[in-house]
Amino acid sequence: MKKGCVCRFYADRHTSLTEYHPDIEVLNRVISKWWREQIVFAGIVHSHPNGYSGLSASDMAYAKAIREANSLKALWFGVGAVSLKKNMEIVFYDCMRDDFPITLINIK
């Protein structure tokens, strides 16, 4: 984020059809480059199958690890609920808190 606006996006291609495991080395290089450009890392957006829009146990573990390793002012995880029965919905979670509340941002 820069001046409150999401201005950069990096598509991490280190994934499989069933799970996402971030490529930490590559992501750290990207985030370091953004830092030099005065762009602050703000979070992760990814999808879940079968219309599930909640945070998985892995999502919560990643969020806590990112939060503990960095001095961030904000950390958001967006989850895209993918389903054949409805449009994709993206729900954002405030990951700076341990109870991971859903924010009012809901993109359809």
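The values are calculated or read from the model by the stated rules, or taken from the named source; none is laboratory data. These numbers come from a predicted model, not from an experiment. Here the Cβ positions follow ideal geometry from the backbone for every residue, glycine too, while neighbour counts run over all protein chains shown.
Overview of results
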| read-out | value |
| --- | --- |
| Boolean, Val30 is on the phi < 0 side of the Ramachandran plot, touching a Gly at 6+ places or on another chain (Cβ under 6 Å) and modelled with pLDDT of 85 or more | no |
| Test: residue in the stretch 88-101 that is without any contact (Cβ under 8 Å) to a residue 40 or more places away in the chain, farther than 16 Å from Arg8 by Cα, in contact with a Pro (Cβ under 7 Å, 6 or more places away or on another chain) and among the acidic types (Asp, Glu) | yes |
| Subset of the stretch 16-51 that is acidic (Asp, Glu) and in a loop (DSSP other than H, G, I, E, B) - its residue that is nearest to Gly78 (Cα to Cα) | Glu19 |
| Options Ala63, Ala74, Ala69; residue that is surrounded by 15 or more Cβ atoms within 10 Å (Cβ to Cβ) and either of a type in the set (A, V, I, L, M) or in contact (Cβ under 8 Å) with a residue 60 or more places away in the chain (or both) | Ala63 |
| Contacts under 9 angstrom Cβ, first residue in the stretch 22-38 being without any contact (Cβ under 8 Å) to a residue 40 or more places away in the chain, partner part of a helix (DSSP H, G or I) and of a type in the set (Phe, Trp, Tyr), 6 or more apart | none |
| Members of the stretch 47-60 that are under 25 Å from Ser32 (Cα atoms) and loosely packed, with under 13 Cβ neighbours inside 10 Å | Ser58 |
| Test: Glu19 is free of Cβ contacts under 8 Å to residues at least 24 places away in the same chain and not basic (Lys, Arg) | no |
| Where Asn28 falls short, out of the listed (1) of a type outside the set (Ser, Thr, Tyr); (2) surrounded by 12 or more Cβ atoms within 10 Å (Cβ to Cβ); (3) within 14 Å of the chain's Cα centre (by Cα) | (3) |
| Residue count for the stretch 52-90, restricted to those that are assigned to a strand (DSSP E or B), modelled with pLDDT of 85 or more and out of contact with any Cys (no Cβ under 9 Å at 6 or more places or on another chain) | 2 |
